[in-house]
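> Dropping the structure in here first, questions after.
The values are calculated or read from the model by the stated rules, or taken from the named source; none is laboratory data. Quick caveat, the model's predicted, so the values are computed rather than measured. All Cβ positions, glycine included, derive from the backbone under ideal geometry; neighbour counts span all protein chains shown. Remember, those area values only see protein heavy atoms, side chains included, never the ligands or the DNA or RNA. Shrake-Rupley method; radii C 1.70, N 1.55, O 1.52, S 1.80 Å.
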Amino acid sequence: MTQYRIPFNVPTCLGQELAYVSDSLANGHISGDGEYSERCQAFLEERLAIPKALLTTSCTHALEMAALLLDIKPGDEVIVPSFTFVSSVNAFALRGAKPVFADIRPDTLNLDERKLPDLITERTRAIVLVHYAGVACEMDAIMKIARERNVAVVEDNAHGLFARYKGRYLGTFGELATLSFHETKNFTCGEGGALLITDPGLIERAEIIREKGTNRSRFFRGQVDKYTWVDLGSSYLPSDMLAAFLLAQFEQAAAIQARREDIWRRYQRGLSAWAASNNVALPTVPAYVDQAYHLYFMLLPSLKARAALIQHLKDWGILSVFHYQPLHLSTMGQRYGGKPGDCPVTEDLADRLLRLPFFYALSPADQDEVIAALQAFEEWQ
Ligand SMILES: *Cc1c(COP(=O)(O)O)cnc(C)c1O
């Protein structure tokens, strides 16, 4: 493996993580739904002002819970951006739904709400959207059409915890939203996630689905005298040791977000003149959006320039990466009928996007080195 002087991501402990993990062990409760899980959930419920947050083993699993909760069945259609992580679609495909891939906006790279009227059919059950880079989708337009056509909205908010659209937190618009606490996200416990529920009518069944299809949560609250198999479900609870780690990160939320904002702004400031003179597009954030500062990306003039720039940065000891390959052109996407030309903006931008190192402990000196390395790049053709 190549050693990079400046890696792409480094997970960081910010305070009490390991002390809380030890404490969970000392408490004698390290399986799911212990004290630390409760405290993480209460933190999310209070901060976001939502009726229920449930910790899960991953964002992928929270999305699978959303598909189960919405009773997604074979024959149903689910609209999802082609430009996203595979879990946004896989969770619904697992229930038998047909994914309908939507193109993205060229400015924010979010699902293009203007495409929705043509994509919604009698069979559409849900719109799954992603707030890419923690910058909000056009929620007014999306919620309006979803309500008019009676389609559920699921926000895959893996990037956007504590970001806002016109003052309102992301993850509180749709019936359901999901979070990720994977190592690469703003807040982490290695692997983890959460399901956010805004519709109180879905809470009890969500608890059942998360507890292997049993009414065990009601049993623990003393609402039934034994627990039994009552619905479909699986095991989606993380260990309380992971919740302990996560709570320590939540307690540092202000510091984490402030540091990430500094990093984002340093790139934006340091690269703006260079980008303008080299036909490179930097991120666009609408004025009514408070973003989550999850990642920093650039759009290069061509696929060839991207490949050359990745190699150039590698020669400087800097790891840069790209993501998402258009889902509609993937092996599975083609099986659902995806073909070239279906999502032209996604197809174009996916070839040109590059992400720069971005993590809490990235020092200003290392960041300046990344900027200097970019400014020294010459092989544009
Ligand atoms: C990271 C990510 C996921 C998956 O998160 P896990 O917690 O690893 O399952 C899903 N959707 C998006 C948009 C992501 O960035």
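> For Asp366, project a label point 7 Å along Cα to C-beta. Then give me every residue of region 5-34 with its amide nitrogen under 19 Å of that point.
It comes to 5-15, nothing else.
> Let me ask something else. Using a ≥ b ≥ c from the Cα gyration tensor of region 218-308 (square roots of the eigenvalues), is it rounded, prolate or oblate, where a/c under 1.5 gives rounded and otherwise the larger of a/b and b/c decides, a/b for prolate? Let's see the in-between values first.
Numbers: a/c = 3.59, a/b = 2.45, b/c = 1.46.
It comes out prolate by the Cα gyration axes.
> Any idea what Rg and Dmax come out to for region 253-375 if you just take the C-alpha atoms, in Å?
Cα-based Rg and Dmax for region 253-375 come out at 16.1, 48 Å.
> Whole number in Å², please: accessible area per residue of region 271-311, 1.4 Å probe, ligands, DNA and RNA not counted.
40 Å²
> Only helical DSSP H runs with n ≥ 4 go in: add -39500 (n - 2.57) per run for the chain, normalise by residue count and round the 222 nm mean residue ellipticity to 500 deg cm²/dmol.
Result for the chain, helices only: -11000 deg cm²/dmol.
> Another question about this same structure. So how far apart, in nm, are the two label points at Asp348 and Ser272 if each is 7 Å from Cα heading toward Cβ?
The answer from the label model is 2.5 nm.
> Here's a follow-up. Roughly how many debye, to the nearest 20, is the charge dipole of the chain about its Cα centre, given +1 on each Lys and Arg Cβ, -1 on each Asp and Glu Cβ, and no other charges?
380 debye
> Let me check against my output: what whole-number percent is the relative contact order of region 296-381, with C-alpha pairs under 8 Å and at least 6 apart?
46 percent
> How large, in percent, is the carbon and sulfur part of the accessible surface of region 175-312 at a probe radius of 1.4 Å?
On the way: 3100 of 5780 Å².
Carbon and sulfur together cover 54 percent of it.
> Sticking with this one: With the dipole of the chain worked out from charges on the C-beta (+1 for Lys and Arg, -1 for Asp and Glu) around the Cα centre, which of Ala19, Met143, Leu374 lies farthest toward the positive end?
Positive-end residue among those listed: Met143.
> A further question on this structure: How far, in nm, would the chain grow between Tyr336 and Asp262 when pulled straight, counting 0.36 nm per residue and subtracting the alpha carbon separation? If you can, show how the numbers build up before the last one.
Values: separation 74, 0.36 × 74 = 26.64 nm, distance 4.20 nm.
Working it through step by step, the gained length comes to 22.4 nm.
> Continuing with this model, one more query. Which percentage, to the nearest 5, of the DSSP beta bridges contained in the chain is antiparallel?
Around 55 percent antiparallel, to the nearest 5.
> Counting only other residues whose beta carbon sits under 11 Å from that of Pro357, what net charge do I get with K and R as +1, D and E as -1? Please list the in-between numbers first.
Details: positive: Arg5, Arg355; negative: Asp366, Glu369.
Result for the neighbourhood of Pro357: 0.
> Once you have a ≥ b ≥ c as the square roots of the Cα gyration tensor eigenvalues for region 41-117, tell me rounded if a/c is under 1.5, and otherwise prolate or oblate according to whether a/b is larger than b/c.
Values: a/c = 2.16, a/b = 1.29, b/c = 1.67.
Judged from the Cα gyration tensor, region 41-117 comes out oblate (a/c at least 1.5, b/c at or above a/b).
> If you take the beta carbon distance between Gln311 and Ala255 as r and set R0 to 35 Å, what does 1/(1 + (r/R0)^6) give as a FRET efficiency, to the nearest 0.05?
The calculated FRET efficiency here is 0.50.
> How about Lys314: which aspartates and glutamates have a C-alpha closer than 15 Å to its C-alpha, ignoring those fewer than 8 places off in the same chain?
Within reach: Asp366, Glu369, Glu378, Glu379.
> Mind listing the long-range amide H neighbours of Val154? Cut-off is under 5 Å, sequence gap 5 or more, other chains count too, H placed in the peptide plane at 1.01 Å from N.
Amide H neighbours of Val154, under 5 Å, 5+ apart: Ile127, Val128, Leu129.
> Assuming 0.36 nm per residue, please report the length gained on full extension of the stretch Arg221 to Glu35 beyond their Cα-Cα distance.
65.5 nm
> Here's a follow-up. Which residues' amide hydrogens lie under 5 Å from the amide hydrogen of Phe8, considering only partners 5 or more residues apart or on another chain, with H built in the peptide plane?
Amide H neighbours of Phe8, under 5 Å, 5+ apart: Leu319.
> Here's a follow-up. Given the pairs Lys185/Lys339; Lys115/Lys339; Lys52/Lys212; Lys73/Lys166; Lys115/Lys144; Lys98/Lys185, which are separated by over 23 angstrom at their Cα positions? Show your work: numbers first, answer last.
On the way: Lys185/Lys339 31 Å; Lys115/Lys339 17 Å; Lys52/Lys212 19 Å; Lys73/Lys166 34 Å; Lys115/Lys144 14 Å; Lys98/Lys185 29 Å.
Pairs exceeding 23 Å: Lys185/Lys339; Lys73/Lys166; Lys98/Lys185.
> Which residues does a label at Ala376 reach in region 1-25, if reach means a backbone N under 19 Å from a point 7 Å past the Cα toward the Cβ?
It comes to 3-8, nothing else.
> While we're on this one: Say R0 is 41 Å: what FRET efficiency, to the nearest 0.05, do Ser235 and Asn279 get from their beta-carbon distance?
Details: r = 50 Å, r/R0 = 1.22.
Calculated value: 0.25.
> I'd like the accessible area for Lys185: 1.4 Å probe, protein heavy atoms, all chains in place, Å² to the nearest 10.
40 Å²
> To continue, here is another question. Mind listing the long-range amide H neighbours of Tyr169? Cut-off is under 5 Å, sequence gap 5 or more, other chains count too, H placed in the peptide plane at 1.01 Å from N.
Those lying under 5 Å, H to H, from Tyr169: there are none.
> Among rounded, prolate and oblate, which fits region 96-218 when a ≥ b ≥ c are the square roots of the eigenvalues of its C-alpha gyration tensor, a/c under 1.5 means rounded, and a/b larger than b/c means prolate? Provide the component values of the computation, followed by the final result.
Numbers: a/c = 1.84, a/b = 1.23, b/c = 1.50.
Judged from the Cα gyration tensor, region 96-218 comes out oblate (a/c at least 1.5, b/c at or above a/b).
> Still on this structure, please answer the following. Quick one: compute the contact order of region 235-363, relative version, from alpha carbon pairs under 8 angstrom and 6+ residues apart, as a percent. Write out the running numbers ahead of the final one.
Details: 108 pairs, mean separation 35.1, N = 129.
With pairs under 8 Å counted, the relative contact order is 27 percent.
> Among Pro81, Pro283, Pro117, which one shows the highest mean-square fluctuation when the chain is modelled as a Gaussian network with alpha-carbon springs under 10 Å?
In the Gaussian network model the winner is Pro117.
> Something else about it: Near Gly341, within a Cβ-to-Cβ distance under 13 Å, what is the net charge of the other residues, with Lys and Arg +1 and Asp and Glu -1?
It works out to a net charge of -3.
> When only alpha-carbon atoms are used, what values of Rg and Dmax, in angstrom, describe the chain?
21.2, 72
> Evaluate the relative contact order of the chain (contact order divided by residue number), counting alpha-carbon pairs under 8 angstrom at least 6 apart; express in whole percent.
23 percent
> Compute the distance from the alpha-carbon center of region 232-293 to that of region 309-340, in whole Å.
If you average the Cα positions of each part, the centres end up 21 Å apart.
> Kindly report the accessible area of region 17-251 per residue (heavy atoms of protein chains, probe 1.4 Å, no ligands, DNA or RNA), in Å². Write out the running numbers ahead of the final one.
On the way: 9040 Å² over 235 residues.
On a per-residue basis, region 17-251 sits at 38 Å².
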